[in-house]
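The values are calculated or read from the model by the stated rules, or taken from the named source; none is laboratory data. Keep in mind the model is a prediction, meaning the values are calculated, not measured. Neighbour counts are summed over all protein chains in view; Cβ atoms, including those assigned to glycine, are modelled from backbone coordinates with ideal geometry.
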Amino acid sequence: MPFSPKIKSEVRKKAHYRCCLCSGQPVEVHHIKPENEGGSNTIDNAAPLCANCHADYGNNPDKRKEIRERRDFWYEQCAKGLSEKFIGMRGSEERIHNFVNRACDLYHSGKMGKSKLAILIPAGINELINDEEIEKALEQIGNRLSGHPLRAWKERIKKIGYKKIFAEASKSGFGLDKNSIERLLIKFET
């Protein structure tokens, strides 16, 4: 039996209609411990998650404690009236999360071949606003796809700046492959 409409409404209100992990919207009410494992349909077993976080965290029993802790922290921030402050900070997490999901979906679809480099620009890497966001996103892609797409050039690119490299790659229209990365690096290093 799913959560009652009253419980769903209460969870959404407590969370200011935002995901407790990334502040995304709209929100689904997720069972932290699934019903088929004895999880209850009570507010204590409910967490407000967006569809992306629900897909990424929902079926992972190792993430239950984290979901509960982050839910409780989010509820506290909302109760104190601080949710808007955290939404701005979490905007970065949401951008990274959305980019990584798009990149992995593109990679698995095979539309760009099986190159981790080729997916970066079409997945929207230029939507990330600074080198720190790009670096975090590339690490997450590496974790999900068994290997950092720019591992061989990582240190050289960091010296120049991820944002600068990807902006130039997008402008050139070549896309990304080993040769174009080398050309860009040489251009900036000389």
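Structure data summary
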quantity: Qualifying residue in segment 99-111 (condition: acidic (Asp, Glu) and without any contact (Cβ under 8 Å) to a residue 40 or more places away in the chain); calculated: yes
quantity: Selected residue (criterion: farthest from Tyr107 (Cα to Cα)) from residues of segment 129-184 that are among the acidic types (Asp, Glu) and in contact with a Leu (Cβ under 9 Å, 6 or more places away or on another chain); calculated: Glu168
quantity: Those helices (runs of 4 or more DSSP H) lying entirely in segment 37-155 with at least 2 residues touching a strand residue (DSSP E or B) at 6+ places or on another chain (Cβ under 8 Å), surrounded by 17 or more Cβ atoms within 10 Å (Cβ to Cβ) and not assigned by TED's automatic domain parsing to the domain that holds Glu182; calculated: 51-57, 64-79
quantity: Matching residues in segment 1-22 - criterion: being in contact with a Phe, Trp or Tyr (Cβ under 7 Å, 6 or more places away or on another chain) and small (Gly, Ala, Ser); calculated: Ala15
quantity: Verdict on Glu10 being without any contact (Cβ under 8 Å) to a residue 40 or more places away in the chain, among the charged types (D, E, K, R) and surrounded by fewer than 16 Cβ atoms within 10 Å (Cβ to Cβ); calculated: yes
quantity: Considering residues of segment 38-75 that are of a type in the set (Phe, Trp, Tyr) and in contact with a helix residue (DSSP H, G or I) (Cβ under 8 Å, 6 or more places away or on another chain) only, the residue modelled with the highest pLDDT; calculated: Tyr75
quantity: Count of segment 176-190 residues which are surrounded by fewer than 16 Cβ atoms within 10 Å (Cβ to Cβ) and in contact (Cβ under 8 Å) with a residue 40 or more places away in the chain; calculated: 2
